[in-house]
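*Asks:* Have a look at this one before I ask anything.
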Amino acid sequence: DVKVTQSSRYLVKRTGEKVFLECVQDMDHENMFWYRQDPGLGLRLIYFSYDVKMKEKGDIPEGYSVSREKKERFSLILESASTNQTSMYLCASRDGGANVLTFGAGSRLTVL
Amino acid sequence: QQQVKQSPQSLIVQKGGISIINCAYENTAFDYFPWYQQFPGKGPALLIAIRPDVSEKKEGRFTISFNKSAKQFSLHIMDSQPGDSATYFCAARGWETSGSRLTFGEGTQLTVNP
């Protein structure tokens, strides 16, 4: 089975801190995605990457950046965390020609 | 801009009942419509999916009904069980120059009472 691992399940940060959320997949998938999950708002796409060193903005990229230096790793960066970035963050990966997204278990971030 | 609208936001049914979750979309270029199921503490996982050239797809107790002209699709869970209690997301696939991406609905929290 494809496994998508988000190393940090729970994080508590202070306003203004720089935050790194790491995601690693083990099935050589080309495509990787970062979503944000909030009650009543569903899953909203922050950034995605179709290949190494490629990145594209999703629907809500403001306040975030990403890094994909290796195929298996896709990092989400909050340059200066704010309270409105308190949320559940979900990473997903997909083989380039496939329809199915495989999600990690999520990283719950609280910004105080 | 939310292009996939999902309702209801929450749903409570009794064991053995039918759960129905509805979604509506705007973009007629969407060409694939999956449903994802998410249990507490887990990421969403694909449950069932349909393409717009068919009106219905059934897998066990789960059925997608698709109405292309109305731009609506729905998930029916027959004989609902407490183990079906989860959050359900509909989604639709669109295409951009660089590839495809899914747009998700707002989610429905389903509770099945024993």
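*Asks:* Check segment A:80-89 and report whether any residue there is out of contact with any helix residue (DSSP H, G or I) (no Cβ under 6 Å at 6 or more places or on another chain), at pLDDT 95 or above and closer than 30 Å to B:ARG51 by Cα.
*Replies:* Filtering segment A:80-89 for residues out of contact with any helix residue (DSSP H, G or I) (no Cβ under 6 Å at 6 or more places or on another chain) gives A:80-89.
Then keep just the ones that are at pLDDT 95 or above; that gives A:80-89.
Right, trim to closer than 30 Å to B:ARG51 by Cα and you get A:88-89.
There is at least one residue in segment A:80-89 that is out of contact with any helix residue (DSSP H, G or I) (no Cβ under 6 Å at 6 or more places or on another chain), at pLDDT 95 or above and closer than 30 Å to B:ARG51 by Cα.
Matching residues to (1) surrounded by fewer than 17 Cβ atoms within 10 Å (Cβ to Cβ); (2) within 13 Å of B:ALA24 (Cβ to Cβ):
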| position | (1), (2) |
| --- | --- |
| B:ILE50 | no, no |
| B:ASP53 | yes, no |
| B:ARG61 | yes, no |
| B:ASN67 | yes, yes |
| B:MET78 | yes, no |
| B:TRP95 | yes, no |
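*Asks:* Among (1) farther than 23 Å from B:SER100 by Cβ; (2) within 14 Å of chain B (Cβ to nearest Cβ); (3) not aliphatic (A, V, I, L, M), where does A:TYR35 come up short?
*Replies:* Unmet for A:TYR35, out of (1) farther than 23 Å from B:SER100 by Cβ; (2) within 14 Å of chain B (Cβ to nearest Cβ); (3) not aliphatic (A, V, I, L, M): (1).
*Asks:* Right, another one. Which of the numbered conditions does B:GLY107 fail, given that it passes all the others? Conditions: (1) of a type in the set (Gly, Ala, Ser); (2) open to solvent by 30 Å² or more (accessible area, probe 1.4 Å); (3) at positive phi.
*Replies:* In the conditions (1) of a type in the set (Gly, Ala, Ser); (2) open to solvent by 30 Å² or more (accessible area, probe 1.4 Å); (3) at positive phi, B:GLY107 misses (2) alone.
*Asks:* Also, quick follow-up: Taking segment B:89-104, which residues are at the interface with chain A (Cβ under 7 Å from one of its Cβ atoms) and within 16 Å of B:ALA45 (Cβ to Cβ)?
*Replies:* Answer for segment B:89-104, where residues must be at the interface with chain A (Cβ under 7 Å from one of its Cβ atoms) and within 16 Å of B:ALA45 (Cβ to Cβ): B:PHE89, B:LEU102, B:PHE104.
*Asks:* Quick one: would you say B:LEU11 is more than 10 Å from every other protein chain (Cβ to nearest Cβ), farther than 19 Å from A:LEU41 by Cα and in contact (Cβ under 8 Å) with a residue 12 or more places away in the chain? Break it down into steps so the answer makes sense when it comes.
*Replies:* Values: more than 10 Å from every other protein chain (Cβ to nearest Cβ): yes; farther than 19 Å from A:LEU41 by Cα: no; in contact (Cβ under 8 Å) with a residue 12 or more places away in the chain: yes.
Taking the combined requirement at face value, the residue does not satisfy it.
*Asks:* I'm checking my understanding of the structure. Among residues of segment B:24-48 that are surrounded by fewer than 17 Cβ atoms within 10 Å (Cβ to Cβ) and either away from every other protein chain (no Cβ under 11 Å) or charged (D, E, K, R) (or both), which one is farthest from B:LYS71 (Cα to Cα)? Steps first, answer last, please.
*Replies:* First, pick out the residues of segment B:24-48 that are surrounded by fewer than 17 Cβ atoms within 10 Å (Cβ to Cβ): B:26-29, B:31-32, B:39-42, B:45-46.
Checking which are either away from every other protein chain (no Cβ under 11 Å) or charged (D, E, K, R) (or both) leaves us with B:26-29, B:31, B:42.
Values: B:GLU26: 7, B:ASN27: 8, B:THR28: 8, B:ALA29: 11, B:ASP31: 11, B:LYS42: 30 Å.
By that ranking, first place goes to B:LYS42.
*Asks:* Give, as residue ranges, the strands (runs of 3 or more DSSP E) completely inside segment A:4-112 that count at least 2 residues that are surrounded by 15 or more Cβ atoms within 10 Å (Cβ to Cβ) and among the small types (Gly, Ala, Ser). Show your work before the answer.
*Replies:* Details: elements: A:4-6, A:10-13, A:19-21, A:23-25, A:31-38, A:42-49, A:65-70, A:73-78, A:87-94, A:107-111.
Those strands (runs of 3 or more DSSP E) span A:42-49, A:87-94.
*Asks:* Condition first: hydroxyl-bearing (Ser, Thr, Tyr), part of a strand (DSSP E or B) and in contact (Cβ under 8 Å) with a residue 12 or more places away in the chain. Now tell me which residues in segment B:33-68 satisfy that. So that I can check it myself, show each step before the final result.
*Replies:* Pass one, segment B:33-68, residues hydroxyl-bearing (Ser, Thr, Tyr): B:36, B:55, B:63, B:65.
Cutting the leftovers down to part of a strand (DSSP E or B) gives us B:36, B:63, B:65.
Once the filter is applied, which keeps residues that are hydroxyl-bearing (Ser, Thr, Tyr), part of a strand (DSSP E or B) and in contact (Cβ under 8 Å) with a residue 12 or more places away in the chain, segment B:33-68 yields B:TYR36, B:THR63.
The values are calculated or read from the model by the stated rules, or taken from the named source; none is laboratory data. Just so we're clear, the structure is a prediction, and the values are computed from it rather than from any experiment. Methodologically, a virtual Cβ is constructed for each residue, glycine included, from the backbone with ideal geometry; neighbour enumeration extends over all protein chains shown. The area values use the complete protein model at the heavy-atom level, side chains included, leaving out ligands, DNA and RNA. Shrake-Rupley method; radii C 1.70, N 1.55, O 1.52, S 1.80 Å.
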